Structure formats: C-alpha cells, structure tokens
Amino acid sequence: MEGEGAAVWQGAVLGGIIFWLVSASYLNVTRKLRSFLQPWVTHHVVTQTPIILKIQSYGFGFLDALFSGLSCVVSVPFYTAFLPLLFWSGHGKLARQMTLLMAFCDYLGNCIKDVVSAPRPASPPVKRVTATRDEEDNALEYGLPSSHTLNTVCLSGYLLHYVLTHTQIQGAYVTYLGVSLACMLVFFIGLGRIYLGMHSVVDVLAGLLIGLVVLAFWLTVDEYMDSFVISGQNEFGFGPVTSFWAALSFLLLFAYPTPELPTPSFEYHTAFDGVALGIVSGVQQTYHQFHHANVPRLFSSELTIPVFLGRMLLGIPTILIVKFCSKTLAKWTIPVVANTLGIPIKSTGYIPTLNGSVTGKMSDKLKQGYLQKLLSQHKAFDVDTGIRFVQYAGLAWSVVDLVPSLFSYMSL
C-alpha cells in the first residue's frame, strides 16, 4: 500500500507539471502575470532610488568590502563549494536537506525573477558595486526577489532548526542566540544588497517574505523528503526514486518561464537541477555504505581534523576532474543524440562550431503537436542546457558516491 501511495503522488506531481506546461503555454500565463506585476514592481524600484542613494551616501571602502564579502559567503558558488565538505564531514542528512532546499530556492526565486522581469536599480545614479565575477553575472539578472535574501532566510533558518532538533546543543539561551544571529545575518545581507546597488527595498522585502514561506513549507516536509530520498536503495541507482527524480528534473527544465530578455537565471537553475539529481542518484547507490546515520563525524576519534583535511585534498581535485570529464562527455554525446533524433540544436557558448547556428531538421512527426514547442521555443534546442545539467549532475554524483568510495579505499 505504501508503494502504491508513493506511485500515486509521484504520478500526480509529474502529471501536474505536464498539465501546467501545456495550459500555461497556451494561455500565455507568464505574459499575463508579467503585465500585471511588472509595472507595479518597476514603479517601486524607481521611487525607491532616493532611499538607495541615501544609504550609499554613508558608504566608504570598509562597507564596500564588508557587504561584498557577505554577499560572497551566501552566494550560490559558496554553497556549491561548502556542501561537499558537509557531506564529507559525516553530516549526510543535513547536507542532503541543504542541497535540495538550495535547489528549490534557486528554482523558485529565479522563476519569479524571470516571470516578473523587473529591473534592478538604475546605475547611474545608483552606484553598483560588483567586486567579483559572480556579482557581475548576478547584475545581469532581473531584480525581484533578492535571491541572496531568500536563500539566507531559508538556509540559515533550516540550519538553526537542524542544530536545535538534531544535536545536543539545546536550551532557551541557545535558541535565543541562534535566532538573533540568523536575524542579524538576514538583516545585513538585505541591507548589503541595497547598499551595493544590486536591489531595491521591494526586492529585499519580496525575498524575505518568499523565504519565510518556503522555510515554513520545508520544515513541514523535510523528514518526508529525506525518507523518500533514502528509500528503496539499489546498487545501480535506477530505482523508482532516481527515475522519478530524473523525470522531475527533465520536466522542470521545460517548465521554467521565458523571461522578457535572456538572463543567466536559467543557467543557475539548470546547474542546481543537475546537482539535485546527482545527489539523489548517488545517495540511492551508497546510502548504507557512506551516508547512514552512524557514519563517523568530524571531530570524532574516527574522523579527526587531519583525516578530514586529507579528504579535502583528495576529494576536491576529484570532483573537479569529474566535472570536466562530464562536460566533455556531454559536449560529445548530446549533439549526436539530438542529431539522431532530428532535433535542431545550437550552442551559445560551449560548442563554438554550433554558436549561433542551427543543425538538424525536425521530423514531420515532431513538427506537429506540442513537443516541438517544448523542445524548440526559439526554433532550436540549446545544447548548453543539457551540457550544463550533465556536468553538474556528474559533479554532485561524485561528491556522494565516487569520492566516498575513494575515501574508503584510502582509509580516510
């Protein structure tokens, strides 16, 4: 009965996404929502410019460095580097939840950004401080909501919840201190995004509100989610859980809304979509070996700091090699498969020979019906999407499967 119930809700989720894909496309839901929300948000972005200028008038070099540093600490690249270390330190359950929550926040936040397609504060007159390449890329996205604020609310809130409920660190004083620190972090991140000229007040408030809603939702489903991810393990990783997640990941790529103008937001979602699939498939294969509740944790006698440093020295180069190999393999196989199926393809960056070009022809069968629209809203499928997805799925799989296997072989 339990298996039948899981199959029902999995089918309902996938069916619901397909229904949304079809209905939203034919009813032009994205354009209608944008026509309603964009003027209101844009008005507030423009009228709040004096507030940003007032905040920036108190600025000097130290604040530039402080808020730029805080933005880096809560950015997607930081979490991408931090989460593998969380897995390798023995905190598998927390790492799984943080990864999936990050993927969910990234997808939802970027969807809203591209649906609304509201501008960031105009620069000039606002001074935009972009100290890193990541910040320069972020500036190319739309504004509302502030992803940094949304992610900080969700991840700091969930980390606090996990510490208070799954560790021996408890008590009223600890709770008060933890909540205070989380609120301070959220406040300074939000203030920093305004000070750096990256967001208006309305963007930060939207990120705060959406983050609180997502956090409340996740706290009600996290145990069910984790039980599902670790259920029905199999040595080949192609069981019902992995199959469902692969189908979900595939559909979410097509369910992503089309922005008014192209932005990097879809690229970020694609990467974390791949990460989530790689983590789930890897955990499915190796849960009982490397990720169960009784694995050694950092600072224990079995996992000392020198041993953990050895894991880092072995693990980090390994996952970078896997990332490179996954990208290379995808660059070769995806165009071959697409051409075999007669799907027109192009590449905006990864494959120079396809840059700006379209190869392949739609078969007569694909020319009719909705599949063509799904595969080619712009007359050709951008293979960079598939390459990026496979690249990060391979990286994530290596974090929870290949690298722990090497740790076991090397007695680390």
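Observations on the structure shown:
- Lysine-lysine proximity count for the chain, Cα under 17 Å, sequence distance 8 or more or distinct chains: 13
- For the chain, the dipole from Cβ point charges (+1 on Lys and Arg, -1 on Asp and Glu) about the Cα centre works out to 900 debye, to the nearest 20.
- Shape category assigned to segment 37-115 from the gyration tensor of Cα positions, a/c cut at 1.5: oblate
- Seen from Ala103, the other residues with C-beta closer than 15 Å to its C-beta sum to a net charge of -3, counting Lys and Arg as +1 and Asp and Glu as -1.
- Å² per residue, accessible surface of segment 177-258 at 1.4 Å: 44
- Ordering 239-248, 316-325 by mean Cβ neighbour count within 10 Å, with the highest value first, yields 239-248, 316-325.
- Overall shape: oblate for segment 138-271, with the ratio a/c of the largest to smallest alpha carbon gyration tensor axis at 1.5 or above and b/c at least equal to a/b.
- Accessible-area ranking of Trp9, Trp397, Trp332, largest first, probe 1.4 Å: Trp332, Trp9, Trp397
- Cα gyration tensor shape for segment 1-153, rounded if a/c is under 1.5, else prolate or oblate: oblate
- Taking amide H positions as modeled 1.01 Å from N, with prolines and chain starts lacking one, the residues under 5 Å from Phe381 and 5 or more places away or on another chain are Ile345, Lys346.
- Each Lys or Arg adds one and each Asp or Glu subtracts one; over the other residues with Cβ under 9 Å from the Cβ of Ser89, this totals +2.
- Whole-Hz ³J(HN,Hα) from phi, Karplus 6.51 cos²θ - 1.76 cosθ + 1.60, for segment 282-295, glycine and proline x: x, 5, 4, 7, 10, 4, 5, 7, 10, 10, 6, 5, 9, 5
- For the chain, the relative contact order comes to 20 percent (Cα pairs under 8 Å, sequence separation of at least 6).
- Packing, as the average of other Cβ atoms within 10 Å across residues, places the peptides 86-95, 146-155, 258-267 in the order 146-155, 86-95, 258-267, highest first.
- Peptides 132-143, 105-116 ranked from most to least packed give 105-116, 132-143, packing being the mean of other C-beta atoms within 10 angstrom over each peptide's residues.
- Under a model in which nothing but the beta-carbon of Lys, Arg (+1) and Asp, Glu (-1) is charged, segment 89-146 shows a dipole of about 180 debye around its Cα centre.
- Using R0 = 30 Å, the C-beta based FRET efficiency linking Cys183 and Tyr26 works out to 0.10.
- Summing charges over all other residues whose Cβ lies under 10 Å from the Cβ of His199, with Lys and Arg as +1 and Asp and Glu as -1, gives +1.
The values are calculated or read from the model by the stated rules, or taken from the named source; none is laboratory data. As the structure is a prediction and not an experimental result, all values here were calculated from the model. In this analysis, Cβ positions are derived from the backbone assuming ideal geometry, glycine residues included, and neighbour counts consider all displayed protein chains. Please note that ligands, DNA and RNA were not included when accessible areas were found on the heavy atoms of the full protein model with its side chains. Shrake-Rupley method; radii C 1.70, N 1.55, O 1.52, S 1.80 Å.
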